Structures are given as structure tokens and as C-alpha cells.
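K.L.:
Sharing a structure, written as C-alpha cells. Questions coming.
The values are calculated or read from the model by the stated rules, or taken from the named source; none is laboratory data. For clarity, every value in this text was computed on a predicted model and none was experimentally measured. Please note: Cβ atoms are built from the backbone with ideal geometry, for glycine as well, and neighbour counts cover all protein chains shown. For accessibility, only protein heavy atoms count, side chains too; no ligands or nucleic acids. Shrake-Rupley method; radii C 1.70, N 1.55, O 1.52, S 1.80 Å.
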Amino acid sequence: MFQIDPLNRTPVYEQLIRQTERFVLTGIFKPLDQVPSVRALSVELGVNPNTIQKAYSQMEATGILQSVPGRGRFVTENAKEIIGRQKREQLDLLRERMKEFAEAGITRSEIESCLDEVYRNK
């Protein structure tokens, strides 16, 4: 399920967070589903358990995951809404990037083509 790209410049813990968010948004992880334990995921991916713990802790801090002592970690009931809200907050960054694109001469039709491709393949 999880796949880590060791050649990717994105830190492993961020790759785990992004993949977990994608799994929640696409319905692979549903509310109240248990996520793999730190130990199990560490063995499966060949990743240091501290790295997985860091990813899980950050997702707990944002409310995407919830720890139940003695039982494990679970996707929260409102994880999808939390992730959606976080992504909407990033629209300001996207707006700034779009200004840079326009200043660089990238046309609206090029951007729309890119958007069409992304939404076609989601």
C-alpha cells in the first residue's frame, strides 16, 4: 500500500503523510479505519520506526489520526474534512504561483490544459 521513493527529495515522513492523506481522500482509508502500526510499517518499508512515528505524530497533531492506547492509531471521523480544509488554505500559495506563471508568459490556456489533465486523471 505505502511506497517510499528513497530518491525523492521529499523526506520520508512527508511522503507517508501525503500518501495517508491521499488514501483518506480517495476512500482507501475510511473514518475509524486502523492504520498500520509503527513497527509493522517500519518492517514493511525498511524505514526507521522514528520516521514513521514522526509522520503519525504530525497527523495526530492535525487531527487526521487518533491514537487509542493499547489498540493503535485510527483515522478520525472528520479526517477528510480536515485535509480538505488544509488544501483550501493552500489556495493562496497557488494564487501566488499563478501570478508568477503569468509574469513568466505562461498562457491561461496552458494552465487550463494542465488543470484539465489533473482533474481528468484524479
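K.L.:
For LYS122, all conditions in the list (1) assigned to a helix (DSSP H, G or I); (2) of a type in the set (Lys, Arg); (3) modelled with pLDDT under 95; (4) open to solvent by 90 Å² or more (accessible area, probe 1.4 Å) hold save one; what is the number of the exception?
P.N.:
LYS122 satisfies every listed condition except (1).
K.L.:
Quick one: in region 57-74, of everything that is within 19 Å of PRO11 (Cβ to Cβ) and touching a residue at least 24 places away in the same chain (Cβ under 8 Å), which residue is most open to solvent (accessible area, probe 1.4 Å)?
P.N.:
Result: GLN58.
K.L.:
For region 81-92, does any single residue satisfy the condition of being touching a Ser or Thr at 6+ places or on another chain (Cβ under 9 Å) and either among the aliphatic types (A, V, I, L, M) or assigned to a loop (DSSP other than H, G, I, E, B) (or both)?
P.N.:
First, the residues of region 81-92 that are touching a Ser or Thr at 6+ places or on another chain (Cβ under 9 Å): 82-83, 86.
The next check asks that each one be either among the aliphatic types (A, V, I, L, M) or assigned to a loop (DSSP other than H, G, I, E, B) (or both); those that pass are 82-83.
Yes, some residue in region 81-92 is touching a Ser or Thr at 6+ places or on another chain (Cβ under 9 Å) and either among the aliphatic types (A, V, I, L, M) or assigned to a loop (DSSP other than H, G, I, E, B) (or both).
K.L.:
From (1) surrounded by 10 or more Cβ atoms within 10 Å (Cβ to Cβ); (2) at pLDDT below 95; (3) under 30 Å from SER37 (Cβ atoms); (4) more than 16 Å from the chain's Cα centre (by Cα), pick out the condition that doesn't hold for GLU77.
P.N.:
Of everything listed in (1) surrounded by 10 or more Cβ atoms within 10 Å (Cβ to Cβ); (2) at pLDDT below 95; (3) under 30 Å from SER37 (Cβ atoms); (4) more than 16 Å from the chain's Cα centre (by Cα), GLU77 misses just condition (2).
K.L.:
Considering only region 95-111, how many residues are of a type in the set (Gly, Ala, Ser), open to solvent by 70 Å² or more (accessible area, probe 1.4 Å) and assigned to a helix (DSSP H, G or I)?
P.N.:
1
K.L.:
Ok, one more. Collect the residues in region 8-54 that are open to solvent by 80 Å² or more (accessible area, probe 1.4 Å), assigned to a helix (DSSP H, G or I) and within 17 Å of GLN86 (Cβ to Cβ), keeping them in residue-number order.
P.N.:
Answer for region 8-54, where residues must be open to solvent by 80 Å² or more (accessible area, probe 1.4 Å), assigned to a helix (DSSP H, G or I) and within 17 Å of GLN86 (Cβ to Cβ): ARG18, ARG22.
K.L.:
Are any of the residues in region 70-79 touching a helix residue (DSSP H, G or I) at 6+ places or on another chain (Cβ under 7 Å), assigned to a loop (DSSP other than H, G, I, E, B) and within 27 Å of PRO6 (Cα to Cα)?
P.N.:
no
K.L.:
Please identify the pairs in which a residue from region 29-46 that is at negative phi has its Cβ atom under 6 Å from the Cβ atom of a residue that is aliphatic (A, V, I, L, M) and surrounded by 14 or more Cβ atoms within 10 Å (Cβ to Cβ), counting only partners at least 6 apart or on another chain.
P.N.:
PHE29/VAL75; PRO31/VAL75; ASP33/VAL75; VAL38/ILE52; LEU41/ILE52; SER42/ILE52; LEU45/ILE4
K.L.:
Now, a different point. So which residues in region 33-85 are of a type in the set (Lys, Arg) and touching a strand residue (DSSP E or B) at 6+ places or on another chain (Cβ under 9 Å)?
P.N.:
Listed by number, the residues that qualify are ARG71, ARG73.
K.L.:
Report whether or not GLN90 is over 20 Å from PRO36 (Cα atoms) and touching a residue at least 12 places away in the same chain (Cβ under 8 Å).
P.N.:
Taking the combined requirement at face value, the residue does not satisfy it.
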